[in-house]
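What follows is a set of notes on a single structure, which appears directly below.
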Amino acid sequence: MPPDGEGQPQKRPRPIISCLRCRGKKLKCDRVAPCENCKKAGCPSDCAFQHAPEGATKRPRTDDASDQRLASEDGRVGIIEGLQNRLKRLEDILAMGPQPHLPQIPQSTSPAAPYPGVLVVKGARTLYHGQTNRVSLLHQYTDAKTFINHECNMSSPIFRLAKEIQFLQSKSKTPKSPESIIDSRSPELQQLRDRLPPFDVCDPLVSLYTTNFEKTFRILHLATFEREFARFKQGEMQGDASAGFLARLTATLVVSMSLVDEQFRLDYPTVHGYLQNDALDLVRSWLRKLGRKQRTEISTLQTEALVILARQLRRDSPGDLWQATGELVRSAMVIGLHLDVKTHKEISAFQKEMRRRVWTTIAEMDLQTSIASGMPVTMPDMEFGPLTPANLDDADFDESMNYIPPSRPTSEYTDTLAQALLAGSLRTRIKAMLVVQSGSCNLPQAVELARELDHHLHRLGVYDPPTRPGKGTALVFSSVLVDLYIRRPLICLHSHISNCHPQHSLRNGTLDLCLVILSHQDHFDPTVTTLDVPSFWETFQIFCKNDILRAALHVCEHINHPETSPPTHHTKASLVRAVDNALQGLIRSFGQPGSSFKDVLLLSVELHLVRADGIEGEKKESVHRGVLEALTSCRQRLISSSAEQQGSLAQILQTPQPFNTNQADTPVSLSHFPDLGDPTLFGAEFDDFMPFDDDAIGAFFADF
């Protein structure tokens, strides 16, 4: 007798010709796309075939995966259909080739480049700029790039003015005084102790930090930190605990320096100089020398997170911050912050909640530095649900509790509401940036993620500052950051979808997203706001300057190509006014450390290109005048800033008169400003100063 199965006729697999939904429910399908059963059930978008019915007219894809998900949640689709939909989406994600019905559009400025950015090559050196980097933006706006490359050469007044700005910036850098130089022979910890400001100075600085920064980024448990501070002042802390708290305290003081007023700088010049210069370097040096066991403590991660926040406020480059947050992500994983430890009895309830807070903060920092630098997200796509911090006030729990109270609803304001709202969309935002940065064009997945982010954006009404108790500048600033952190990846996703599918309906919302970002600066602009926010203006610019630049450039694109832009109720005049307001904001913040004339130059050129009318020669002259006006204002701001920081440069240079461009017949002239190459000023030092490669500003954008 033959073995089982041998010698028996093999049945040919029966082809599946019914739709997947009818097959799962064992219904008779009419094999039309969409079939009658799916229409009657109210879910025609869920009608999918393994093999398209012969002769049937294929319906266009709706790309509405979020509707499928909602239908499943409402009970209109069964479990099997839900699993089939999820499998289908997974197959779309893993698909190797482009969708046959979608145009494959390159995701970079070079049609042959398989990455969404610009790779600059100079000899043996290469430098990659991600798609949100200024260099990539320059390549996207070809008219502005052409103008900068051709019209900003060595013989142009713009070139001369830009060279003056670069030279003045190099001369305005305040050198460290001999007494402020770190003594390498002295242990860092001893220097931190010796140079810690008096406690009567520390107290208001700590309050400034806890009031304004412990909202969007939850790093500390404020009640615990205050108790530790009291013990530290009484000398009750010893050993490693005292050393670790001293480092955390110093880092918080450095962060708070971004919001001190001018009076503080005058009253405590030594404290101000130390916290602005050496303090952070001492903390970083101390961290680097910690042993393996000390580095696996959550308190060490808190200090490292504070250091990164301080470095951002000190205007370190986005690339350096991205490297730092990547290291912090891996350090957090080493101690298992990415794990759900709710069943571990060895970890207290308080520590479990603090682990969730710090992990969410680290993930948020990594995502934001990734977007700012245009580099890949370090954080993997993972489930953040069990790791989401509770929406609680710090007073609701402490180390003595055996359990954490239930999380309050997001309709109730707490110390952690901003982080809780951001945590709810964290995974979606990470997935969105992974899609954008991959360079692939998976339209269904991108559309679903965009709609999920839009849903999260609309949920932020619960965090509306005017409805909250104790409304103040800190709360407004926190609400702006929450809105911005969700809006950033959404705008990136919209741009990605527009590149893949230029006619997609989601393009209609991109302009409004950008206009909201441009309106945020009105909350902190001292010239228009009613809030007492002189220090917050600079802090806002640190966090949001790149967003303002990209949003303003997108509005310019909308103005410049009205025939391809979606209909809108905005007029050209109102859009130009919004962009001009953004440009003036960049100019008003010029002179601060880290200011770059490249941002002002790029936005000024693009704005005046879309604003200019008339014949080609007149348009070019109009753009020249507008750019010169903007750069002259930057130079004026730079000199004013130098006068505040060091009087020597201001005494050498006489303050120029405002550059008047209101009269059309006024010739472009720079004679009102002294010649820096004059022997009585800087002479050969200025003449030999050449910050631009190839005698042109355009090459300088490559940042080599």
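The values are calculated or read from the model by the stated rules, or taken from the named source; none is laboratory data. Quick caveat: nothing in here was measured; it's all calculated off a predicted structure. Every residue, glycine as well, gets a Cβ built from its backbone with ideal geometry; the counts of neighbours run over all protein chains shown.
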Open item on the list: If I ask for residues that are outside any helix (DSSP H, G or I) and under 18 Å from R315 (Cα atoms), which ones from the stretch 242-276 would you list?
Closed with: V260
TODO: Only residues that are in contact (Cβ under 8 Å) with a residue 60 or more places away in the chain and among the aliphatic types (A, V, I, L, M): list them for the stretch 265-307, please.
DONE: V271, L275, A279, L282, V283, I298, L301, A305, L306
Open item on the list: Take L515 and tell me if it is modelled with pLDDT of 75 or more, of a type outside the set (G, A, S) and surrounded by fewer than 22 Cβ atoms within 10 Å (Cβ to Cβ).
Closed with: yes
TODO: From the list S589, S595, S565, pick out the single residue that is polar (S, T, N, Q), under 18 Å from the mean Cα position of the chain (by Cα) and modelled with pLDDT under 90.
DONE: S595
Open item on the list: Please verify whether A223 is closer than 25 Å to K352 by Cβ, aliphatic (A, V, I, L, M) and over 29 Å from the mean Cα position of the chain (by Cα), treating the condition exactly as stated.
Closed with: yes
TODO: State which residue is surrounded by the most Cβ atoms within 10 Å (Cβ to Cβ) when the search covers only the stretch 183-236 and only residues that are over 25 Å from K289 (Cβ atoms) and of a type in the set (K, R).
DONE: R218
TODO: Run down A650, A643, A578, A612 and say which single residue is at pLDDT 90 or above and small (G, A, S).
DONE: A578
TODO: Answer yes or no as to whether V358 is aliphatic (A, V, I, L, M) and closer than 16 Å to L222 by Cβ.
DONE: yes
TODO: Output the residues belonging to the stretch 351-387 that are closer than 26 Å to R227 by Cα and touching a Ser or Thr at 6+ places or on another chain (Cβ under 8 Å).
DONE: R356, R357, T360, I362
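Filter the stretch 364-408 for residues that are of a type in the set (G, A, S) and either in the same structural domain as I542 (by TED's automatic domain parsing) or assigned to a loop (DSSP other than H, G, I, E, B) (or both) and give the result.
G374, A390, S400, S407
Looking at M375, M333, which is the one that is aliphatic (A, V, I, L, M), within 23 Å of S425 (Cα to Cα) and touching a strand residue (DSSP E or B) at 6+ places or on another chain (Cβ under 7 Å)?
Numbers: M333 fails: touching a strand residue (DSSP E or B) at 6+ places or on another chain (Cβ under 7 Å).
That would be M375, the only listed residue that is aliphatic (A, V, I, L, M), within 23 Å of S425 (Cα to Cα) and touching a strand residue (DSSP E or B) at 6+ places or on another chain (Cβ under 7 Å).
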Task: Positions within the stretch 363-413 being under 20 Å from the mean Cα position of the chain (by Cα) and of a type in the set (G, A, S), in sequence order - done: A363, S370, A372, S373, G374
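Rundown of residues vs (1) touching a Phe, Trp or Tyr at 6+ places or on another chain (Cβ under 9 Å); (2) at pLDDT below 90, yes/no style:
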{"site": "G291", "(1), (2)": "no, yes"}
{"site": "E297", "(1), (2)": "no, yes"}
{"site": "E304", "(1), (2)": "no, no"}
{"site": "T325", "(1), (2)": "no, no"}
{"site": "F350", "(1), (2)": "yes, no"}
- [ ] Specify the residue that is surrounded by the fewest Cβ atoms within 10 Å (Cβ to Cβ); the eligible residues are those in the stretch 593-603 that are part of a helix (DSSP H, G or I) and not acidic (D, E).
- [x] K598
Open item on the list: Can you confirm whether G424 is farther than 20 Å from Y485 by Cβ, of a type in the set (G, A, S) and in contact (Cβ under 8 Å) with a residue 24 or more places away in the chain?
Closed with: no
Open item on the list: I want to confirm something. Restricting to the stretch 615-632 and keeping residues that are under 21 Å from V555 (Cβ atoms) and surrounded by fewer than 20 Cβ atoms within 10 Å (Cβ to Cβ), which single residue is modelled with the lowest pLDDT?
Closed with: K619
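Looking only at helices (runs of 4 or more DSSP H) that fall completely inside the stretch 277-360, which ones have 2 or more residues that are more than 25 Å from A418 (Cβ to Cβ) and of a type in the set (D, E, K, R)? Write out each step before concluding.
On the way: elements: 278-288, 292-295, 298-313, 318-334.
Per the criteria, 278-288, 292-295, 318-334.
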TODO: Looking for whichever is surrounded by 22 or more Cβ atoms within 10 Å (Cβ to Cβ) and either touching a helix residue (DSSP H, G or I) at 6+ places or on another chain (Cβ under 9 Å) or not β-branched (V, I, T) (or both) here; the options are L306, L313, L246, L290. Which one fits?
DONE: L306
